[in-house]
Every structure is written in structure tokens, then in C-alpha cells.
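Trainee: Below is one structure. I have some questions about it.
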Amino acid sequence: MLEVRQLPGDMSALELDRADPKRCLVAGLFEESVKVGEARRRFYTYIAPGLCHNQPCLVLAPPEGVPVLEFLEHGFWLSFARERQIFLHILEPENGKYRLDGTDAAYMNKVYVEIQSRKYYVTMQDNIYAVGIGGGAAVAQQAAMEMASEWSGLAAFGEMVPEAGVYQQRPGGLRNVLLWNGNYMGEPLDDVPFVLALMDDIKGRYVVDPSRVYACGQSGGGMMTSQLALRAPGVFAAVSPWSAIVDPDHELVLPEKIDPAVPCLFLFGDSDWLCVDREHGELEYHVTHDIAAFLKHLMKLYQLDENPRRYTCGEISYNVYLNAKRVPMLTVGTVKGMSHANYPRESWIAYDEFLGKFSKRADGTLLYMGEEIL
């Protein structure tokens, strides 16, 4: 059984190690606490032997249903902290369960503040990471979103996520390629109702802001993202497909209207074999005919200026298509030198620079930075 100790009440009574003045003056597994609302919540801090100040920190939200000390005793986290010489701070779900109404996210962020207090050890602000496992994954994600400027990174190890259905790619081809809205034995599969039912289930279990629901995905997920925008425009405030926007193996059916309108940020590599046709590509970024037809149709439906505003940020060149109110209803970004792949900052760019600026009222009215766009 692990020994849990209390941190000294008088740290000044401990002798400094003159040979290594940055070495922590205590080592072991300690109990600490923070005040969340009117209650105090316990958390554990593990300081490996010989650990020095200003090492990286992991604040860990462990899975539900397993006592924290049992989780630590039978897991690898303590040995990982010793080997990597890092601070490890472990949350404790109340009564074995997490609350996703913001209470436990606030608890995790209070732990962040507490370990910065320099009462017993010194952590470095630029090296504190939120980690969540199982039910703790949602808590870590909520905490990181609440204090995005403080956390240095997030790692969430949740339960299995839904996957695309089976797709028999082509006659004589591999039968178990996964693709959203694929087909099997010649029969089409429709995954849109599944995704919408999944969203309804999530809304029944978690607190969701219905005015700020977005879709994004890469490759086959990009194709599905555009389908969700076309077929459920009342649900999504904005979308961002990556590395694909239409399925080249299926006939392109363009809608007569998208009501209410759904803004779109399309990101892909300028060497993406699925999106780019160097010899016969269309528009300024040489996309394939199907993609060009889709984008031109969006410009027509949304009455956009077909002469885009252009700018470059790092490796990405953007073409921004504005409506009459100068709202960027369509943005196309090409990543220099990238093939059919994920760009490392893709999620951050999509959310922070595009998706998060749009919201949608219950009556379908679209807002851009809080203002009506039409």
C-alpha cells in the first residue's frame, strides 16, 4: 500500500542541499487540497526522489471507479514520474464519479493555481499539462478550454470514439475500408442520422451550448463534415473540412439552397493527391473539378465576392471569400509542401481563427462575432 504523507508545516526548517540548491526538499506522495466553491477537494502530489524545481508537471484526472491510490499503485505513472523527473499531481473524483457541469474542471484549474503557489516546491508555468483518462478526459478538456492561456498542453485518453462504416471501395477492391456515407454490397450507407442521434445522446448527458455546435474532420471526415453542413444546416454554426470536401468516387449533388447558411473553412495541402490537380486544377489553388464545383456553388448560394482577399500566415496561404457584410463565409487555406495529411495546428486554427467566431440562434439566425451576418 502506498504511503501518503502530509507536507511539512514549516518548510524553512528543512536544510538546503548546498550541492544542488534546486533540489526539492521533500520527496514522496503527499496529500494537498484546494477550495472549490464552499468545499475543499483533495488531490495528490508525487515528488520523485532527487527531483529539482522547475521541472515539467502533469496534472492527471484518472479514470472513474478506481480508487486513486490503487490506480497509482498498479499503474505506471509513479515510475514514469521518477524516470522522466517530472512533478505529478493527481485529482480524485468525488465519490468515484466526475461532474461535467464545470465543477470538476474548476477543481482541476484550482489545482493548477495551487501548484503554482511555491509553498512546498517550484513549478514552471510554461510546462504544466492537463491529462485525462476515461471519464477524466472530458474534465481535462473542459479545464484546458477554461484556462487555455495557462495550460501548456492537453492529453485526453477517452473511451472508444464512433467510427465510420464499412465501405466497399471499388469493384474487386478491399472490402473493409472505413468511410463515412460509404456503401456495402452496392447499397449506400447513410451515416448522417447516426451522427445526429449521437449528438442528441451527448446533449442528454452533457451540458452543450446549442448555439455553438461545429463539425470538422480530415479526409473521409472532411467529406462527412461537408455532408453534415448540407443536410443538417440548422444544427451546425460552422464547419471545417480538412484534406477533402467531396467524395470523388460518388456523383456530386449540389443543393439548391443551404438554409440557414453554414460558413466553411477548407484546409488542405498544396501537394494533396486527393484535392489538387497540378495540370488541370481550377481556381487559384488548383483544386480538382469536383472540389472547384462545390466551392463555386457555395460562393453562388452565399452571394460571395468571387475575388478573394488573400494573405499568408506561416506555411498557409488563405483565400477569403466575403459576403455583402464582409463576413468570411468561405475560407480556403493551402498548406505549403503538405500532401494528404493533418497539419499539426489544424484543430487550433480551425477553432480559434474560424469556427469559434460563429454562433447560431435557435431560429437559425447566424452570428459572426455576435453580429447578424445577413
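Values in this text are rule-based calculations from the coordinates and carry no lab data. Since this is a predicted model, take the numbers as computed values, not measurements. Ideal geometry is used to build each Cβ from the backbone, glycine not excepted, and the neighbour counts take in all protein chains shown.
Trainee: Take I133, I90, I202 and order them by how many other Cβ atoms sit within 10 Å, fewest up front. It would help to have the intermediate numbers written out before the result.
Mentor: Working: I133 21, I90 24, I202 11.
Going from least to most buried by this count: I202, I133, I90.
Trainee: Let me ask another. Kindly flag which residue pairs out of K110/K203; K35/K203; K257/K300 have an alpha-carbon separation exceeding 19 Å in this structure.
Mentor: In this structure, K110/K203; K35/K203 lie more than 19 Å apart at Cα.
Trainee: How many percent of all Cα-Cα pairs in the stretch 4-157 sit more than 17 Å apart?
Mentor: Details: 7050 of 11781 pairs.
Here the tail beyond 17 Å accounts for 60 percent of pairs.
Trainee: Which chymotrypsin sites (Phe, Trp or Tyr not before Pro) does the stretch 58-150 hold that lie in a coil by DSSP with at most 13 other beta carbons within 10 Å? Don't jump to the answer; show the numbers that get you there.
Mentor: Working: sites: F71, F76, W77, F80, F87, Y98, Y107, Y112, Y120, Y121, Y129; in loops: F76, Y98, Y120, Y121.
Taking the stretch 58-150 and a limit of 13 other Cβ atoms within 10 Å, the loop chymotrypsin sites (Phe, Trp or Tyr not before Pro) found are F76.
Trainee: May I pose another question? With the crude spin-label approximation of a point 7 Å out along Cα→Cβ, what separation in nm comes out for S271 versus E256?
Mentor: In this crude label model, S271 to E256 measures out at 4.5 nm.
Trainee: Further question: Taking the stretch 198-271, which chymotrypsin sites (Phe, Trp or Tyr not before Pro) meet the DSSP loop condition and have no more than 16 other C-beta atoms within 10 Å? Walk me through the numbers before you get to the answer.
Mentor: Details: sites: Y206, Y214, F236, W242, F266, F268; in loops: Y206, F236.
Passing sites in the stretch 198-271 are Y206.
Trainee: What's the Cα-based Rg to Rh of the stretch 203-372, Rh via Kirkwood? Spell out each step's value before the answer.
Mentor: On the way: Rg = 15.2 Å, Rh = 16.1 Å.
We get a ratio of 0.94 for the stretch 203-372.
Trainee: By how many degrees, between 0 and 90 and to the nearest 10, does the Cα long axis of helix 136-146 differ from the longest principal axis of the chain?
Mentor: 80 degrees
Trainee: Under the rule a/c < 1.5 gives rounded, and otherwise a/b versus b/c splits prolate from oblate, where does the chain land using the Cα gyration tensor?
Mentor: prolate
Trainee: Next question, about the same structure. Any idea what the relative contact order of the chain is, in percent, if you count C-alpha pairs under 8 Å spaced at least 6 apart? Display every interim value, and only then the final one.
Mentor: Numbers: 707 pairs, mean separation 36.0, N = 374.
Across the chain, relative contact order equals 10 percent.
Trainee: Of all the stretches in the chain, which is the longest one without any exposed loop site, taking GluC sites (Glu not before Pro) in a DSSP loop (any state but H, G, I, E, B) with at most 15 other Cβ atoms within 10 Å? Write down the numbers at each step before the final one.
Mentor: On the way: sites that count: E3, E15, E38, E64, E159, E163, E251, E256, E279, E284, E306, E315.
Between the exposed loop sites, the longest stretch runs 65-158.
Trainee: Go ahead and estimate [θ] at 222 nm for the chain from helices alone: -39,500 (n - 2.57) per DSSP H run with n ≥ 4, summed, over the residue count, rounded to 500. Intermediate results must be reported in sequence, preceding the final value.
Mentor: Working: 8 runs with 86 residues, N = 374.
It lands at -7000 deg cm²/dmol.
Trainee: Another question, then. Between N342 and Q6, 0.36 nm times their residue separation minus their Cα-Cα distance comes to what?
Mentor: Values: separation 336, 0.36 × 336 = 120.96 nm, distance 4.59 nm.
Residue separation times 0.36 nm, minus the Cα-Cα distance, leaves 116.4 nm.
Trainee: Something else now. So for the stretch 315-374, what percent of the C-alpha to C-alpha distances run longer than 14 Å?
Mentor: Details: 1119 of 1770 pairs.
For the stretch 315-374, the share of Cα pairs beyond 14 Å comes to 63 percent.
Trainee: If you don't mind, another one. When all C-alpha to C-alpha distances in the stretch 181-234 are sorted into bins of 10 Å, what percent of pairs does each bin hold, rounded to whole numbers?
Mentor: Reading upward from the zero bin: 20, 50, 25, 5.
Trainee: Follow-up question, since we're still on this one. When only DSSP loop residues count, what trypsin sites (Lys or Arg not before Pro) in the stretch 231-299 have their Cβ near at most 14 other Cβ atoms within 10 Å?
Mentor: Details: sites: R231, K257, R278, K296; in loops: K257, R278.
Sites meeting the loop and neighbour criteria: K257, R278.
Trainee: Straight-line reach from K22: which lysines have a Cα under 24 Å away, not including same-chain ones fewer than 8 places off?
Mentor: Cα-Cα hits under 24 Å: K119.
Trainee: Using a cut-off of 15 Å between beta-carbons, work out the net charge of the residues near I47 (Lys and Arg +1, Asp and Glu -1, I47 not included). Don't skip to the answer; put the middle values down first.
Mentor: Working: positive: R5, K22, R23, R82, R84, R118, K119; negative: E3, D17, D20, E31, E32, E83, E114.
That sum, taken over residues with Cβ under 15 Å, equals 0.
Trainee: How many nm separate the modelled label positions at A293 and K22, each set 7 Å beyond the Cα in the direction of the Cβ?
Mentor: Placing both labels 7 Å along Cα→Cβ, they lie 6.2 nm apart.
Trainee: What order do you get for K357, K300 when you list them from fewest to most C-beta neighbours inside 10 Å?
Mentor: Numbers: K357 17, K300 11.
The order, fewest Cβ neighbours first, is K300, K357.
Trainee: For the stretch 203-372, give me the percentage of DSSP beta bridges that are antiparallel, rounded to the nearest 5 percent.
Mentor: Details: 19 of 32 bridges.
About 60 percent, rounded to the nearest 5.
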